[in-house]
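One structure below.
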Amino acid sequence: MIRSLPRSRRYTWGFNLFIGAYFLFLFAPLVVTCVLAFNNSDFPSLPWQGFSLDWFLADGPDRIGIFHDEQNLRAIWTSFQTAFFVSIFCVLVGTCAAFLFEQEEFRFKGALYFLMLAPLVIPGVILGISLLLASNTAGMYVENNFGLDFDLFRPSFWLVVLGQFSFITTFVCLVVSARLRKFDRTLEEAALNLGANRLEVIWHITLKFLQPAIVGAGAVAFLMSFENFNTTLFLVGSEPTLPINLYLQVRDGSTPVINAVSLLLLVGTSILALVNLYFSKEEAD
């Protein structure tokens, strides 16, 4: 609708109702989850039994809070390690891929770009199953023919990293490519004319221009890896990540400690998003 045109009272009420319902639908479940983290109950659901910090601080014997829950803490640490390596690998490879597709001309560029985008349309479950079958097949071949046994070919930490890396890299590449399209190539040409070599130009000019996009893409990659479930489910070994561990707890019956974990994750991801937004604005200014 054209903003300058007069709007009826019915339209205004309907618009405001839609906005309110939209954000209520988005945030009401999150608010309920956060509130239940302080519920003095042994079950992660209503009704409200009173305020309690047991699910954060309790150290047994009847209740174990998240800060004393070794299983969940170990899963959080595993997820953090996984997200760290995935984000580093994705930023390195995704940035190089962005340079390749935006600055170079070569045969089959369109076909390779399409293949790079393919993981975005493949369901995560299918991707996880495919990677698991491929790694098992490769592991059996290497073991039968060469007598070698590699942990990488079995469900394990590094197979999870490889599986997440296979599709999160695409997001990083798209984010960096969008920034790279706005880059003024004459800046590189001027630096080359002044005596800088190609590596110095990339390091001091191009990468400096891409820094906000690289930092933002790295943060997105970290968060996507940390919360990934469907692909990780098929590749995880004896050390489950936090989403897998929470799924197992919910399936088998859990306490409100899962609400406490959810609250901490919401706070942590919100802080990370705000920090990323702050530095992105500073770079823009």
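List of remarks:
- Flag if V257 is in contact (Cβ under 8 Å) with a residue 40 or more places away in the chain, crowded, with 17+ Cβ neighbours inside 10 Å and touching a helix residue (DSSP H, G or I) at 6+ places or on another chain (Cβ under 9 Å): yes
- Exactly one residue out of P256, P243 is within 13 Å of the chain's Cα centre (by Cα) and under 22 Å from F27 (Cβ atoms): that is P243.
- Note on segment 55-76: residues that are in a helix (DSSP H, G or I) and touching a helix residue (DSSP H, G or I) at 6+ places or on another chain (Cβ under 9 Å) total 12.
- Matching option when the condition is in a loop (DSSP other than H, G, I, E, B) and either aliphatic (A, V, I, L, M) or within 28 Å of H68 (Cβ to Cβ) (or both), among S225, S254, S270, S262: S254
- Unique match (being over 22 Å from A83 (Cα atoms), touching a helix residue (DSSP H, G or I) at 6+ places or on another chain (Cβ under 9 Å) and touching a residue at least 12 places away in the same chain (Cβ under 8 Å)) among R198, R181: R181
- Just one of (1) part of a helix (DSSP H, G or I); (2) within 17 Å of the chain's Cα centre (by Cα); (3) farther than 19 Å from W77 by Cβ fails for N230. It is (1).
- Here L152 fits the description: of a type outside the set (S, T, Y) and at pLDDT below 90.
- First in segment 111-133 and in a loop (DSSP other than H, G, I, E, B), second anywhere and among the hydrophobic types (A, V, I, L, M, F, W, C), Cβ under 8 Å, 6 or more apart: I122/F167
The values are calculated or read from the model by the stated rules, or taken from the named source; none is laboratory data. Small disclaimer: the values here were computed from a predicted structure and weren't measured. For neighbour counting, all protein chains shown are included, and Cβ atoms are generated from backbone atoms with ideal geometry for every residue, glycine included.
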